[in-house]
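Trainee: One structure is given below, represented as structure tokens, and several questions about it will come after.
Where a number appears in this text, it was derived from the coordinates with a stated rule and is not lab data. Only a predicted model underlies this, so the values are computations on that prediction, with no experimental measurement involved. Here the Cβ positions follow ideal geometry from the backbone for every residue, glycine too, while neighbour counts run over all protein chains shown.
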Amino acid sequence: MERTLSIIKPDGVAKNVIGEVVKRFETNGIKIVAMKMIQLSKHQAQGFYAVHKERPFFNSLTNFMTSGPIVVMVLEGEDVIAKNRELMGATNFKEAKEGTIRREYATDIEKNVVHGSDAPETAAFEIKYFFNDLEIQNR
Ligand code: GDP
């Protein structure tokens, strides 16, 4: 069993697609074992995206991520890191496969509706960034 962090970004929450995203996880055999809605401060967004701090879009990305509430979730399942990335689609929605979350709902390379950890090490860091052990259920 593997765990990963999923975020429905401010654009996804604003578009009222929380349910659509959650439904894709649940219908694809992925369990949600933690979930909350929060709004990040600039400092918190910068800490989360610290690996991108040298990228030209860092300031814009961290502003966007603080622009409204987000839904953070811990997902659990077999091979869930890769499975979630598959359901999300490519970073650039124009390159995302038909039927993926980003292809369906994203409008911009930055405003691409969802985040998903890309490897076991990043998943461990990202889950801890938002949740303590007591907030994650064993279902
Ligand atoms: P991800 O793992 O698919 O989310 O992609 P990355 O880790 O490469 O980038 C993190 C996030 O930064 C993406 O999900 C986008 O929201 C944003 N992003 C990536 N590339 C660009 C870009 O070229 N321009 C802007 N403005 N944002 C970007």
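Trainee: Select from Val17, Val72, Ala124 the residue farthest towards the positive end of the dipole of the chain; place +1 on Cβ of Lys and Arg, -1 on Cβ of Asp and Glu, and compute about the Cα centre.
Mentor: It is Val17, whose Cα lies furthest towards the positive end.
Trainee: Once phi is turned into θ = phi - 60°, what whole-Hz ³J(HN,Hα) does the Karplus curve with 6.51, -1.76 and 1.60 give for every residue of the range 3-11, x standing for Gly and Pro?
Mentor: Calculated HN-Hα couplings, in order: 10, 9, 9, 10, 10, 8, 6, x, 5 Hz.
Trainee: For every other residue with a beta carbon closer than 9 angstrom to the beta carbon of Tyr105, add +1 if it is Lys or Arg and -1 if Asp or Glu, then tell me the sum.
Mentor: Counting the neighbours of Tyr105, the net charge comes to 0.
Trainee: If you stretched the chain out fully between Thr27 and Asp133, how much longer would it get, using 0.36 nm times the residue separation minus the C-alpha to C-alpha distance?
Mentor: Stretched out fully, the Thr27 to Asp133 stretch lengthens by 35.6 nm.
Trainee: As a check on your grasp of the helix formula, calculate [θ] at 222 nm for the chain: sum -39500 (n - 2.57) over DSSP H runs of n ≥ 4, divide by the residue count, round to the nearest 500.
Mentor: -10500 deg cm²/dmol
Trainee: Which value, in debye to the nearest 20, describes the size of the charge dipole of the chain about its Cα centre when Lys and Arg Cβ atoms bear +1, Asp and Glu Cβ atoms bear -1, and nothing else is charged?
Mentor: 320
Trainee: In addition: Which of the residue pairs Lys23/Lys53; Lys9/Lys128; Lys23/Lys97; Lys9/Lys83 have a Cα-Cα distance greater than 22 Å in the structure shown?
Mentor: Where the Cα-Cα span goes over 22 Å, the pairs concerned are Lys23/Lys53.
Trainee: Report the trypsin sites (Lys or Arg not before Pro) located in the range 1-90 that are in a DSSP loop and have at most 14 other Cβ atoms inside 10 Å of their Cβ, or state none.
Mentor: When the trypsin sites (Lys or Arg not before Pro) of the range 1-90 are filtered for loop state and at most 14 Cβ neighbours within 10 Å, Lys53 remain.
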